[in-house]
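For reference, the structure is listed below as structure tokens.
Bear in mind these aren't lab numbers, they're just calculated from the coordinates by the rules spelled out. It should be emphasised that the depicted structure is a prediction, and the values quoted were computed from it without experimental measurement.
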Amino acid sequence: MNDNNADDEGADRGASPEKAPIARRNFLVGAGTAVAAGLAQGASPGEAQPAKAGAAAAPPVASDDALLTLTATEAAFFSAAVDTMIPADELTPSGSACGVVTFIDRQLAGAWGSGAKLYRQGPFRKAKPEYGYQLALTPREFFGAGVVAINAWTRQAYGKDFDRLAPAGRETVLKELEAGKAALGDFDGKPFFEALLQITMEGFFADPIYGGNRNKAAWRMVGYPGLPAVYSSLIDEYRDKRYVVEPQSIADFS
């Protein structure tokens, strides 16, 4: 599902980390590096330092995060999935507490979710990944079908829906999906996992105006200052130095 891009479609749409197939937060490394590109990690002794990190406080619950399209079953699935990928720890609150489920719901409820910019006239054939999204389903239908298929499989294999499994069980299920080993009948779990991981990353790192990254938790974690235009004039001044500032989102300039 290559078209799922939070920048282009934004308004519409303990095992060792090195050894685990789905190492918790391992997916943050690449994304975090991208959004924080150009900002040095080290700081000189005389520079201002951020407050010492402690346990990440849960952000306040937004008043406008009512679901637009997800059913209760689907919301429970996504909440369990994003919390497995982004567990609460000293870095950030959990994925659901950061609003990732709200982000997913809004994306699927909008034009992207309805496939507004996808060519869907067929023929729909099995193709190589580089050819992009090839299904007759809209993204909303695709995610909905995936939740149904995965819950049916976990009930048969583990006796419970995905969201009712223990954290270790949910992680096992995601690993099976990632490896393409989940017995989901005609539904392919591997592209579903890839799409789920993609939209979870987008929801975690996108501007908070889209529902995720609540309280800018992800930006604070990687040291991203927010809208690039507000600090572009300081690049030379802070070259090879750490730039510590309160991150700013689109909403802060509205």
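Quick one: which residues, 5 or more positions from residue 91 or on another chain, have an amide H under 5 Å from its amide H? H modelled 1.01 Å from N in the peptide plane, none for Pro or chain starts.
The answer is 56.
From the phi angles alone, apply the Karplus equation (6.51, -1.76, 1.60; θ = phi - 60°) to region 222-233 and give each ³J(HN,Hα) in whole Hz, x where the residue is Gly or Pro.
9, x, 7, x, x, 3, x, 4, 7, 10, 4, 6
Largest first and to the nearest Å, give the Cα extent of region 81-140 along each principal axis.
Projected onto the principal axes, the Cα atoms of region 81-140 cover 48, 25, 14 Å.
Over region 123-254, what is the relative contact order in percent, taking alpha-carbon pairs closer than 8 angstrom and at least six residues apart? Each step should come with its number before you reach the end.
Working: 97 pairs, mean separation 18.3, N = 132.
Here the relative contact order equals 14 percent.
Quick one: check the C-alpha center-to-center distance for region 75-151 versus region 182-254, whole angstrom.
That distance is 17 Å.
Run through all the Cα pairs of region 107-254 and give the fraction in each 5 Å bin from 0, expressed as whole percent.
Bins of 5 Å from zero give 2, 8, 13, 15, 14, 13, 12, 10, 7, 4, 2, 0 percent of pairs.
How large is ³J(HN,Hα), in whole Hz, for each residue of region 167-175 in order, when computed from phi with the Karplus curve 6.51 cos²θ - 1.76 cosθ + 1.60 and θ = phi - 60°, using x for Gly and Pro?
Using θ = phi - 60°, the values come out as x, 5, x, 5, 5, 4, 4, 5, 5 Hz.
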